[in-house]
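The values are calculated or read from the model by the stated rules, or taken from the named source; none is laboratory data. The model shown is predicted, which means the values in this text are computed figures rather than measured ones. Every residue, glycine among them, receives a Cβ derived from its backbone with ideal geometry; neighbour counts consider all protein chains shown. Surface areas here come from the heavy atoms of the whole protein model, side chains and all, with no ligands, DNA or RNA. Shrake-Rupley method; radii C 1.70, N 1.55, O 1.52, S 1.80 Å.
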Amino acid sequence: MEVIKAYSVPMTAPKDLLEEFFKLRKIALEETLKHVKYSKSGKAHLKFNKNDRKELRDRLLENLKFAKHYVDSAINSVIGLVKGWIQLYNKGKAKSKPEITKKTVYVKTTLFSVKNGKNGKIKITIEPRKRYLEIDLAKFDYLPKNYDSIGGLILQEDKLIITFKKKVEPMKPKDYASFDVNLTNITGLINERIAKFDLKELYHIHRVYEEKRRKIQKLSKTKPKTAKKLMQKYSKRERNRARDLMHKITTTIARELISVKHGAILEDLRNIKDRILNGSKNLNRKLSKWNCRLFQSMLEYKLKWFGLPVKYVNPANSSKTCPVCSGRLSAYRGRLLKCDRCGLVQDRDVIACLNLRMWGLGVTPKGDEPFKGDVSQSGRMSIKDFAR
Ligand SMILES: [Zn+2]
């Protein structure tokens with residue numbers, strides 16, 4: 001199977017290309033939307049044939065100083081955007097028509113070459129035989145070294161996103177680790193041990209920026225432009241800080257899982273809305289889901305890069321069901337839960353991990369795979385048994 005990893009390197013994009021590509025996409029979108037037709041039942045579909053494409057292409061090519069492939073890139077990205085919108089629309093989920101808001105350039109593989117083998121340079125054509133953009137990959141030591149090829153590039157105002165591709169043999173894992181993510185921590189059951197990763201810093205980051213945004217909101221009445229700029233700046237900073245922290249955590253976890261050849265079992269997020277969180281509900285819930293999504297996507301691609309599988313399990317009731325006897329759990333003290341039937345007392349995050357792992361492997365405590373090491377002789381588990 002082929003796996004993809006994306007990395008970004010800092011770089012200043014040519015302003016004129018950013019502007020032109022933005023314009024090309026806007027025109028292409030306007031034109032493509034004219035080709036969205038609606039059936040009698042109200043379903044949307046795109047009727048955009050070869051000729052339509054050629055017409056649009058010719059129009060966009062007029063007076064273009066940049067490489068022609070940028071026009072194709074713009075058209076492709078817009079068609080992708082419109083098709084994505086149609087899918088949402090037909091499910092009744094589209095709020096408004098798609099728009100081009102970001103100044104982003106999609107650089108097709110035909111627009112660049114990779115020189116001097118793997119640790120070499122990427123050379124992007126801006127204007128044919130005239131203007132190029134060169135990126136020395138060796139300057140960035142965090143980029144992967146063991147890849148097969150470089151896929152498309154995405155050029156943004158201040159960075160270049162590079163996708164690396166590699167063919168990997170799917171690995172049969174020796175076991176699976178499971179993870180439960182909430183607002184303040186990530187709990188993992190790795191190799192029969194519990195590991196906790198603190199997310200309080202992340203929570204703090206979000207809180208700080210939330211406060212900043214609230215202040216900017218006041219400013220937006222008198223100075224809307226400044227407010228918008230500040231808002232974008234802070235949102236970006238917040239995102240970057242959060243991503244940095246999550247990268248550290250997922251790299252640590254992925255290294256460990258790779259060394260013991262374990263796959264991962266994660267919560268299927270579609271059911272996360274069932275979860276109960278404390279505090280100001282909406283924001284916390286949003287953050288929790290956001291954390292979870294970020295964690296999962298980062299861990300997944302880091303594991304897949306080495307051929308390790310990731311399974312998703314419906315987490316409904318994962319902290320309501322006793323992992324030992326399947327009895328009902330009730331709140332005990334603090335984050336502890338107690339089983340009404342067998343008396344088990346355990347931390348709720350640990351319980352969730354145990355259940356996720358069992359369900360992901362399709363076993364029950366009484367099933368064909370005994371819970372080696374996880375359950376002490378008395379049938380009780382204590383945090384001490386798992387803590388590292
Ligand atoms: Zn029980």
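Tell me, what is the percent relative contact order of the chain, built from C-alpha pairs under 8 Å that lie six or more residues apart?
Relative contact order for the chain comes out at 16 percent.
Just the C-alpha atoms of the stretch 1-167: what Rg/Rh do they give, with Rh taken as the Kirkwood radius?
Over the Cα atoms of the stretch 1-167, Rg/Rh equals 1.02.
Once amide H atoms are placed 1.01 Å from N in the peptide plane, what residues at a sequence separation of 5 or more from residue 313, or on another chain, have their amide H within under 5 Å of its amide H?
266, 267, 268
Give me the accessible area per residue for the stretch 160-238, probe 1.4 Å, as a whole number in Å².
Result: 59 Å² of accessible area for each residue.
Which shape class applies to the stretch 121-193: rounded if a/c is under 1.5, otherwise prolate when a/b exceeds b/c and oblate if not, where a ≥ b ≥ c are the square roots of the Cα gyration tensor eigenvalues?
prolate
Restricting to Cα pairs below 8 Å that are 6+ residues apart, what does the relative contact order work out to for the stretch 189-322? Please round to a whole percent.
Once divided by the residue count of the stretch 189-322, the mean separation gives 28 percent.
For the chain, place one equal point scatterer on every Cα, skip the solvent, and apply the Debye formula. What is log10 of I(q)/I(0) at q = 0.11, 0.12, 0.13 Å⁻¹?
Ignoring solvent entirely, the Cα scatterers give -1.00, -1.13, -1.23.
Figure the gain on full extension for residue 204 and residue 328 (residue separation times 0.36 nm, minus the Cα-Cα span) and round it to one decimal in nm.
41.3 nm
Between residue 110 and residue 91, what is the label-point separation in nm under the 7 Å Cα-to-beta-carbon projection?
That separation, rounded to one decimal, is 3.2 nm.
Give the shape of the stretch 109-149 as rounded, prolate or oblate, defined through the alpha-carbon gyration tensor: a ≥ b ≥ c are the square roots of its eigenvalues, a/c under 1.5 means rounded, and otherwise the shape is prolate if a/b is larger than b/c and oblate if not.
It is prolate, given that a/c is not under 1.5 and a/b is the larger ratio.
Could you tell me what percent of the accessible area of the stretch 1-167 is made up of carbon and sulfur, with a 1.4 Å probe and every protein chain present?
49
Using a Gaussian network model of the chain with C-alpha springs under 10 Å, which one of 309, 323, 98 is most mobile by mean-square fluctuation?
Most flexible of the set in this elastic network: 98.
Which distance in nm do the two modelled labels at residue 16 and residue 335 give, with both placed 7 Å along the Cα-to-Cβ direction?
Inter-label distance under the simple model: 5.7 nm.
Give me the distance in nm between label points sitting 7 Å out from Cα along the Cα-to-Cβ direction at residue 149 and residue 218, one decimal.
Distance between the two pseudo-spin positions: 5.6 nm.
Please report the spacing between the Cα centers of the stretch 154-172 and the stretch 315-331 in Å, no decimals.
Each part reduced to its Cα centre gives a spacing of 39 Å.
For the chain, which cysteines have no disulfide-compatible partner, meaning no other cysteine Cβ under 4.7 Å?
Cysteines lacking a close Cβ partner in the chain: 292, 353.
Provide the per-residue ³J(HN,Hα) series for the stretch 38-50, in order, calculated from phi with Karplus coefficients 6.51, -1.76, 1.60 and θ = phi - 60°, each as a whole number of Hz, with x at glycine and proline positions.
So the Karplus estimates, Gly and Pro as x, are 10, 7, 4, 7, x, 7, 8, 8, 9, 10, 9, 8, 3 Hz.
Output the relative contact order of the stretch 52-199, whole-number percent, from Cα pairs under 8 angstrom with separation of 6+ residues.
Once divided by the residue count of the stretch 52-199, the mean separation gives 14 percent.
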